[in-house]
Amino acid sequence: MNGMSVGGREFGMLVNGRLVRAQSAPLEVINPATEEVVAWAPNTTDDQLEEAVAAASRAFDKWRGVPLAERRRVVRAMGDAVREHADELAALLTSEQGKPLLAARKEVDGVAVWCDWLAECEYPEEEIREDGAHRLRTRYVPLGVVAAIVPWNFPMALAIRKIGPALLTGNTVVVKPSPLTPLTTLRFGEIVQDIVPRGVVNIVSGDDSLGPRLTCHPGINKIAFTGSTATGRKVMEAAAQRLARVTLELGGNDAAVILPDVDLDSTADALFEACFRNSGQVCLATKRVYVHEDIYDQFAEKFVNVALRARVGSGMDERVTLGPIQNLVQYRKVVQLIQDCERSRLRFLLKGEIPEGPGYFIHPTILDNPPESSAVVTDEAFGPVVPLLRFRDIDDVVERVNNSEYGLGGSVWGGDVEAAERVAERIDSGIVWVNESQRLLPSFPLAGHKASGIGTENGVEGLLAYTQPQVLSLRKT
Ligand code: NAD
């Protein structure tokens, strides 16, 4: 069999229904818990990229005509196949991404849940209206070849949220995982090789040059991108040259607002998850916590106590709740942020240990009411570092929460749900939770406001983003 070898197994890139091997020096994939090489992934050559886009383009001509019922069957079968390989995929995900095995398993299981939902969901493939002498057909037709570009924090979840909707609506895809976490996606390609028709799903891995090569490719009709806001801007520029469609799911700096009538214990527990899950490397993580001054000290004490109970270490250890930072560049950024806080003499409620390697580990770190203008408040840390901030007045806190270039998510916590809801309505972001956080279902349309995105992923709105309306106006006589 063609492909790269990993621990006795072999991986290849799924291109035109075949597993193709590396034709140039492959990429090393590092385990962030050990800093050892997990495996090598192919570094797609120009010829291989051409082959992948051409295969997707040829496959599109047939796939768009395949009845919706059959497309549903294929999407469901992809989910079933992932379910059958869940243990293996979860272990591979932990070894390349770092997250605890249980969290990796949850991410893999979510792929199947997403596929199940898509296989069942109703979307208006065609709407027909009779209007006197006219029959009006509005068809939602597919766009063509979709480039699905995915970051390193949720490689499986974010890939299927593009592949599934694209296929269901009749498009074909070229998927590009992050060079830092390509293995689970490559393995997914092997698993679905015999399930999806040839060329409908293609997977290419590669170094930093591959993203721009893909987004500039004239054969790509839509780019579905999840990643940082800075890269999202470049993607949009590339797409603008030929007016390719884009969906951008970008960075965030989500705030939580803790009202004074909140249940302190349960909120401290839930907020810990909201801030530190996946070691803070979540686009929708809570990155600023505004606490009413009446309960600030009590809440801070409880929050720190919850954080002290976290077990940081290799995700392969079942007792561990927080894994490493996924890569060295991100690790250095987070360490630098903490050192800058120290240099600026900000107060720490908890200064997490940063152990000597190997492994990119940082323990939870919590700041005590830093100035609103400090980087730890204004920037997306994307690591286990969170500021607690005092507030007194609702208008003031709403203004501070909204004073951000981002508008991805947020949450409000309080005993009086209706009062919390009224505050939630005033937050300028795509999703706001009350007394919970990060709950995402396939039916929720996620649309980053402001610099957090363009367009919608998930939900029926997200599905329609892989289509364009075509009106057939038919005069009957
Ligand atoms: P990134 O922007 O560096 O990379 C994302 C992907 O884009 C990777 O596959 C990368 O190889 C590729 N890429 C890099 N340069 C490119 C270019 N010029 N053209 C095309 N593709 C290019 O992001 P990251 O560091 O991998 O991920 C972290 C960021 O992603 C954070 O900002 C986080 O908030 C964001 N994120 C957002 C969501 C969301 O749904 N809104 C979800 C997860 C992560």
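Points to keep in mind about this one:
- When the test is whether a residue is free of Cβ contacts under 8 Å to residues at least 24 places away in the same chain and within 16 Å of the ligand (Cβ to nearest atom), residue 209 passes it.
- Taking every residue in region 243-255 that is farther than 23 Å from residue 404 by Cα and among the hydroxyl-bearing types (Ser, Thr, Tyr) and pairing it with any residue that is outside any strand (DSSP E or B) and at pLDDT 95 or above, at least 6 positions away or on another chain, yields no pair with a Cβ-Cβ distance below 8 Å.
- Candidate set from region 222-246 (those that are over 17 Å from residue 210 (Cα atoms) and more than 10 Å from the ligand (Cβ to nearest atom)); member that is surrounded by the most Cβ atoms within 10 Å (Cβ to Cβ): 244
- Residue within region 123-140 that is at pLDDT 95 or above, open to solvent by less than 10 Å² (accessible area, probe 1.4 Å), in contact with a helix residue (DSSP H, G or I) (Cβ under 7 Å, 6 or more places away or on another chain) and not basic (Lys, Arg) present: no
- Checked against (1) within 24 Å of residue 377 (Cα to Cα); (2) surrounded by fewer than 12 Cβ atoms within 10 Å (Cβ to Cβ); (3) not β-branched (Val, Ile, Thr), residue 310 passes all but a single condition, namely (2).
- Look at region 315-332: where a residue is outside the structural domain of residue 276 (by TED's automatic domain parsing), no partner that is open to solvent by 60 Å² or more (accessible area, probe 1.4 Å) sits 6+ places away or on another chain with Cβ atoms under 8 Å.
- The set of residues in region 270-283 that are open to solvent by less than 10 Å² (accessible area, probe 1.4 Å), in contact with a strand residue (DSSP E or B) (Cβ under 8 Å, 6 or more places away or on another chain) and closer than 19 Å to residue 226 by Cα comprises 279, 280.
- Which listed residue is of a type outside the set (Val, Ile, Thr), surrounded by fewer than 24 Cβ atoms within 10 Å (Cβ to Cβ) and within 16 Å of the ligand (Cβ to nearest atom), from 114, 152: 152
- Tally, over region 442-453, of residues that are more than 10 Å from the ligand (Cβ to nearest atom), part of a loop (DSSP other than H, G, I, E, B) and in contact (Cβ under 8 Å) with a residue 24 or more places away in the chain: 3
- Restricting region 166-194 to residues that are out of contact with any strand residue (DSSP E or B) (no Cβ under 9 Å at 6 or more places or on another chain) and not polar (S, T, N, Q) leaves a set whose member that is farthest from the ligand (Cβ to nearest atom) is 194.
Residues are listed down the side, and each one gets a yes or a no for (1) farther than 17 Å from residue 193 by Cα; (2) without any contact (Cβ under 8 Å) to a residue 24 or more places away in the chain:
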site: 38; (1), (2): yes, no
site: 45; (1), (2): yes, yes
site: 81; (1), (2): no, no
site: 94; (1), (2): yes, no
site: 99; (1), (2): yes, no
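The values are calculated or read from the model by the stated rules, or taken from the named source; none is laboratory data. Treat the numbers as computed from the prediction; the structure is a model and nothing was measured. In this analysis, Cβ positions are derived from the backbone assuming ideal geometry, glycine residues included, and neighbour counts consider all displayed protein chains. With ligands, DNA and RNA removed, areas are computed over all heavy atoms of the protein, side chains included. Shrake-Rupley method; radii C 1.70, N 1.55, O 1.52, S 1.80 Å.
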